[in-house]
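Take a look at the structure set out below.
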Amino acid sequence: MRFRVIDADEDIQAGLPRLSGPGDPPVEIMLAGTPLDVSLAGIEVAIVDGTNIPTEAAIAHKALKHIIFLGTGARSYMDPDALAAHGITVHIITGYGDTAVAEHTIALMWAAARQVARMDGGIRAGGFPRFEGVQLTGRTLGLLGFGGIAREVARIAGGGGMKIMAWNRTPRECPGVEFVTLDRLLAESDVLSLHLLLTDATRGFLSAGRIAQMKPGAILLNTARGGVVDEAAMIAALKTGQIGHAGLDVFEAEPLPAGHELATLPNTTLTGHSAFKTAQAADNLLLGALEHARRLVQG
């Protein structure tokens with residue numbers, strides 16, 4: 001069975017050989033930007049970091065039977081259901097960056113509450129702005145969706161003295177977390193943090209109607225996927241103050257286009273889809289890919 005990373009960056013080029021063990025199958029490495037008709041040729045397993053894989057392009061390569069996606073959001077880059085119908089199985093890697101994303105979520109929360117980015121920008125521009133912040137101890141953090149990342153966010157925020165509430169589409173239990181209805185979560189959360197996978201069912205889940213149900217002036221955090229929010233409705237709510245501040249690591253269009261309205265609003269704190277980017281999470285991700293590779297070789 002022949003394995004190949006089809007879009008390796010410098011971290012993958014260095015990390016994969018370092019982490020591979022004596023019993024691991026050899027993995028070829030092609031650099032990002034290699035044309036798909038070249039990178040997919042003659043292999044059974046493609047390891048994909050962030051390249052769009054049209055179904056038609058994949059099925060043109062008859063040997064290809066598996067795609068290992070480096071992350072959880074494969075649906076943003078390919079159609080796993082359509083690929084499966086043609087005998088190509090898409091494998092994802094979960095849990096590799098739960099702590100990294102959770103810590104970034106908490107960082108955005110505190111930065112939003114204290115308007116850190118706005119003061120930093122003002123000082124760099126030669127001023128000395130001072131803004132009143134929000135004290136979060138004793139406030140309610142609402143988690144919309146409750147998987148591994150949300151569990152870590154709950155652990156960290158709970159240790160910081162916040163009350164934790166959550167809603168999930170399937171029943172969950174977690175010490176220190178009160179699971180409530182969606183209506184109550186929206187109405188009572190001083191901070192609402194999104195932790196939904198992006199699927200057809202969750203696209204635009206935080207709609208204009210649900211934003212209107214939020215506690216006025218609440219902080220909104222999104223380290224999940226930009227598509228789970230109605231972006232136009234979010235921008236409108238930021239302008240009216242219905243959303244007091246948004247801490248965002250993900251967007252509908254990435255990279256965020258130059259001059260995008262979100263970048264012009266004073267009540268946003270923005271980072272570039274980097275919540276998962278720590279050395280520890282990067283190693284976990286590649287180790288997860290190698291585990292998939294071993295499993296496939298073993299049948």
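Read-outs: derived from the displayed coordinates by stated rules, not from any lab. Fair warning: this is a prediction, and the values are worked out from it, not measured in the lab. Glycine gets a Cβ as well: all are built from the backbone with ideal geometry, and neighbour counts include every protein chain shown.
Odds and ends about this structure:
- Simple spin-label estimate for F179 and A212 gives 3.0 nm between the two label positions (7 Å along the Cα-to-Cβ direction from each Cα).
- Under a 5 Å amide H cut-off, with hydrogens placed 1.01 Å from N, F179 pairs with A166 among residues at least 5 apart or on other chains.
- Rounded Å value of the spacing that divides the Cα centres of region 148-182 and region 17-49: 38
- Straight-line reach from K163: taking Cα to Cα under 22 Å and skipping same-chain neighbours fewer than 8 places apart, the lysines in range are K215.
- Extents of the chain, taken as max minus min of Cα coordinates on every principal axis and listed largest first, are 59, 48, 35 Å.
- The local environment of L36, defined by Cβ-Cβ distances under 14 Å, has a net charge of -3 under the rule Lys, Arg +1 and Asp, Glu -1.
- Furthest towards positive pole of dipole, V45, A74, F276, structure part the chain, Cβ charges: F276
- Around R225: net Lys/Arg minus Asp/Glu count, Cβ-Cβ under 11 Å: -1
- Neighbourhood charge, 15 Å Cβ-Cβ cut-off, centred on K163 and excluding it, Lys, Arg +1 and Asp, Glu -1: +1
- Segment Q298..T34, full-extension length gain: 92.1 nm, with 0.36 nm per residue of separation and the alpha-carbon distance subtracted.
- Each peptide in 50-57, 183-190 gets a packing score, the mean of other Cβ atoms within 10 Å over its residues, and the list from highest to lowest is 183-190, 50-57.
- Across region 87-103, rounded Karplus estimates of 3J(HN,Hα) from the backbone phi angles (6.51 cos²θ - 1.76 cosθ + 1.60, θ = phi - 60°) give x, 10, 9, 9, 10, 10, 10, 10, x, 5, x, 4, 5, 4, 5, 4, 5 Hz, Gly and Pro being marked x.
- Selected from H195, H66, H245 as most flexible by GNM, with the chain as the system and alpha-carbon contacts under 10 Å: H66
- Every helix of 4 or more DSSP H residues in the chain counts as -39500 (n - 2.57), and over all residues that averages to -10000 deg cm²/dmol at 222 nm.
- For region 66-163, GluC sites (Glu not before Pro) are listed when DSSP marks them as loop and at most 12 other Cβ atoms sit within 10 Å of their Cβ; the list is E132.
- Close amide H partners of E28, meaning residues 5 or more places away or on another chain with modelled amide H under 5 Å apart, are F3, R4, V5.
- With all pairs of separate Cα atoms included, region 98-270 yields a Kirkwood hydrodynamic radius of 16.1 Å.
- Taking the Cα centre of the chain as reference, the dipole from Cβ charges on Lys and Arg (+1) and Asp and Glu (-1) amounts to some 660 debye.
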